[in-house]
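Can you keep this structure in mind? I'll have questions shortly.
The values are calculated or read from the model by the stated rules, or taken from the named source; none is laboratory data. Everything numeric here is computed off the predicted structure, so don't read it as measured data. Glycine gets a Cβ as well: all are built from the backbone with ideal geometry, and neighbour counts include every protein chain shown. These accessible areas exclude ligands, DNA and RNA; they are computed on the full protein's heavy atoms, side chains included. Shrake-Rupley method; radii C 1.70, N 1.55, O 1.52, S 1.80 Å.
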Amino acid sequence: MSALRPVLAVASECAPLVKTGGLADVVGALPAALAAQGWAIRTLLPGYRPVLKAVKRPRVAADLPDLMGAPARLLAGTVGGLDLLILDAPALYDRDGSPYLDAQGRDWPDNDARFAALDLAAALIAADGVKGWRPEVVHLHDWQAGFTPWFMRGLGATQPSVMTIHNIAFHGLTGADRLKPLGLPTDGFAMDGFEYYGHISALKAGLTGARVITTVSPTYAQELATEEFGMGLDGVIRARGHDLLGILNGIDTTAWDPTRDPAIRRFSAPGGKVANKRALRAEFGLSQAEGPLCVVVSRLSDQKGLDLLLAALPALTERGGQLALLGSGDRRLENAWLNAAAANPGHVGVRIGYDEGLSHRMFAGADAVLVPSRFEPCGLTQMYGLRYGAVPVVARTGGLADTVIHANAAALAVGCATGLTHRPGDAAALALALTQLCALWADRAVFPRLQRNAMKHPVGWEASAPRYAALYDRLAQERTETR
Ligand code: ADP
Ligand code: GLC
């Protein structure tokens, strides 16, 4: 018997099983980080094809003959240290495509039902338990888990819930006519519930229904309450200001360890990057150069500000700098970047696609990683950059602002700088930062020191895991006291 206390996590992604972004990394990392703090997380995932395939010999934990009109089962199993509950509902999840989109890149038309069913299953687990296991705390990630507190209420499940916002840009909106088909409580369709301008918002359901709200960096927690960053939910955030907490993400420092990473030529100091840099140049068809080699590893979406980088690119290339970009997403951005590579042969290299191994080789070989996001709840690639001595050049927003120490004169004087920050959403500010990068890079006394500082900066879960644990402790205690 484990002495750890039980938590149910509810999410639509979990690395290494299913991933479209950083959400998966964080959901996949929290169980190990929290186990060391006395909490055992069991993660409920949709039974997508790759998830079912990855779990060897799952056990049937419960039959749900009529989950929102279709038969489903809860399967239990483990994969690489993750303790999983999987909602096996073929009508909802047994299909090709990504978790959210069909092969043509359109949202699945039944996404509301696919994730409402997941939330209902979570509430059933909280209310009835599975095979004697019942969570003390329920931890919800993003809109896909948002209806859970409302279903829990309907079923009389009284455990406290935590709603973590990874990105407030995605609301999980659906029509008001879906109230009945999704089995949502009618009293929830109100200003202080999940009604959003005449529609139903799954994210708002989570924000109004959960006991506590967290987000993935302290700066984003502050930004969320402003009109500029709240994406229409800033009023709800302000109303719940006392229950909102920013806890910075960490990265998996075992998978991202330059001294052990099997995907690279290993190194423990900036000087050890040389062979990786040579290999990276060869891989992207880049020539020798008189400036820094920069990388970008990113979804290509408006959030990431990579259109601004296209505009600012001459500031880098005119000074002998180079760029290797790996990403996929928005077709127009993909084409714009392919054109930029064609226009700058030997200096700009672009790979359209998703490639985990290549991303490791890129951080290992790069002098700098660029993250010019318009907004960034936390961001993980600047932390990979820190760990691999690729100095981050980032927009001063969200978690980017919380993880990078700008190399101004004061920080350079005391020797604590780790990178460069610039005003978000501003191509001219980004161009200036790239100019600064080139100047710092050319100073052989300064740049390796920045890299060493970066490599020493703590980027794991050691600071944040205890904060989640303290939150779970407090909520569980509160519940005992109010019983
Ligand atoms: P977001 O979740 O908004 O996409 P994050 O920086 O939090 O941003 O997380 C993105 C994650 O996805 C990181 O682990 C990053 O390395 C990875 N990633 C993004 N695009 C690619 C790609 N094209 N190839 C490999 N990894 C990628
Ligand atoms: C979201 C955010 C990203 C964050 C990730 C994990 O995808 O866009 O900034 O790092 O979630 O929390």
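Can you list residue pairs whose Cβ atoms sit under 7 Å apart, with the first residue in segment 287-314 being open to solvent by 10 Å² or more (accessible area, probe 1.4 Å) and the second being among the polar types (S, T, N, Q)? Count only pairs 6 or more apart in sequence or on different chains.
Between residues of segment 287-314 that are open to solvent by 10 Å² or more (accessible area, probe 1.4 Å) and residues that are among the polar types (S, T, N, Q), the close pairs are A289/Q322; V297/S359; V297/T381; S298/T381; Q303/S373; K304/S298; K304/S373.
Hey, another quick one. State the number of residues belonging to segment 330-375 that are closer than 24 Å to L386 by Cβ and under 22 Å from the mean Cα position of the chain (by Cα).
So the answer is 20.
Okay, next question. Which one of these is open to solvent by 10 Å² or more (accessible area, probe 1.4 Å) and either part of a strand (DSSP E or B) or within 16 Å of ligand 1 (Cβ to nearest atom) (or both): A225, A169?
Checking each option against the conditions leaves just A169.
Between A32, A36, which is within 20 Å of the chain's Cα centre (by Cα), open to solvent by 30 Å² or more (accessible area, probe 1.4 Å) and over 25 Å from G327 (Cβ atoms)?
Answer to the check: A32.
Here's something else I'd like to know. Can you tell me which condition R57 does not meet? The list is (1) of a type in the set (K, R); (2) touching a strand residue (DSSP E or B) at 6+ places or on another chain (Cβ under 9 Å); (3) surrounded by 18 or more Cβ atoms within 10 Å (Cβ to Cβ), and all the others hold.
Looking at each condition in turn, R57 falls short on (3).
Name every residue in segment 443-475 that is hydrophobic (A, V, I, L, M, F, W, C) and either within 18 Å of V137 (Cβ to Cβ) or under 25 Å from the mean Cα position of the chain (by Cα) (or both), in order of residue number.
A454, M455, V459, W461, A463, A465, A469, A470, L471, L475 - these are the residues of segment 443-475 that are hydrophobic (A, V, I, L, M, F, W, C) and either within 18 Å of V137 (Cβ to Cβ) or under 25 Å from the mean Cα position of the chain (by Cα) (or both).
Would segment 432-455 turn up any residue that is outside any helix (DSSP H, G or I), under 21 Å from A221 (Cβ atoms) and either of a type in the set (S, T, N, Q) or open to solvent by 10 Å² or more (accessible area, probe 1.4 Å) (or both)?
For segment 432-455, residues outside any helix (DSSP H, G or I), under 21 Å from A221 (Cβ atoms) and either of a type in the set (S, T, N, Q) or open to solvent by 10 Å² or more (accessible area, probe 1.4 Å) (or both): absent.
Being more than 20 Å from A431 (Cα to Cα), charged (D, E, K, R), open to solvent by 10 Å² or more (accessible area, probe 1.4 Å) and over 16 Å from the mean Cα position of the chain (by Cα) is the requirement here; does R396 meet it?
No.
Matching residues to (1) of a type outside the set (D, E, K, R); (2) more than 16 Å from ligand 1 (Cβ to nearest atom); (3) assigned to a strand (DSSP E or B):
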{"residue": "F267", "(1), (2), (3)": "yes, yes, no"}
{"residue": "A275", "(1), (2), (3)": "yes, yes, no"}
{"residue": "G291", "(1), (2), (3)": "yes, yes, no"}
{"residue": "Q303", "(1), (2), (3)": "yes, no, no"}
{"residue": "L316", "(1), (2), (3)": "yes, yes, no"}
{"residue": "E334", "(1), (2), (3)": "no, no, no"}
{"residue": "A341", "(1), (2), (3)": "yes, no, no"}
{"residue": "L358", "(1), (2), (3)": "yes, no, no"}
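Taking only segment 15-44 into account, find how many residues are assigned to a strand (DSSP E or B), away from ligand 1 (no atom under 16 Å from the Cβ), of a type outside the set (D, E, K, R) and touching a residue at least 60 places away in the same chain (Cβ under 8 Å).
The qualifying residues number 3.
Looking only at residues in segment 361-383 that are assigned to a helix (DSSP H, G or I) and open to solvent by 20 Å² or more (accessible area, probe 1.4 Å), which one is nearest to ligand 2 (Cβ to nearest atom)?
T381
Rundown of residues vs (1) surrounded by fewer than 16 Cβ atoms within 10 Å (Cβ to Cβ); (2) under 23 Å from L475 (Cα atoms); (3) in the same structural domain as G398 (by TED's automatic domain parsing), yes/no style:
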residue: G193; (1), (2), (3): no, yes, no
residue: Y197; (1), (2), (3): yes, no, no
residue: A210; (1), (2), (3): no, yes, no
residue: W256; (1), (2), (3): no, no, no
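Could I ask something else about it? Just give me the residues in segment 430-483 being among the β-branched types (V, I, T) and free of Cβ contacts under 8 Å to residues at least 40 places away in the same chain, in sequence order.
V446, T480, T482 - these are the residues of segment 430-483 that are among the β-branched types (V, I, T) and free of Cβ contacts under 8 Å to residues at least 40 places away in the same chain.
Conditions tested, residue by residue: (1) over 23 Å from N276 (Cβ atoms); (2) crowded, with 22+ Cβ neighbours inside 10 Å.
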| position | (1), (2) |
| --- | --- |
| L325 | no, yes |
| N335 | yes, no |
| A342 | yes, no |
| R351 | no, no |
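Among the residues of segment 1-29, what is the count of those that are of a type in the set (S, T, Y), within 15 Å of ligand 2 (Cβ to nearest atom) and open to solvent by 10 Å² or more (accessible area, probe 1.4 Å)?
Residues meeting the conditions: 1.
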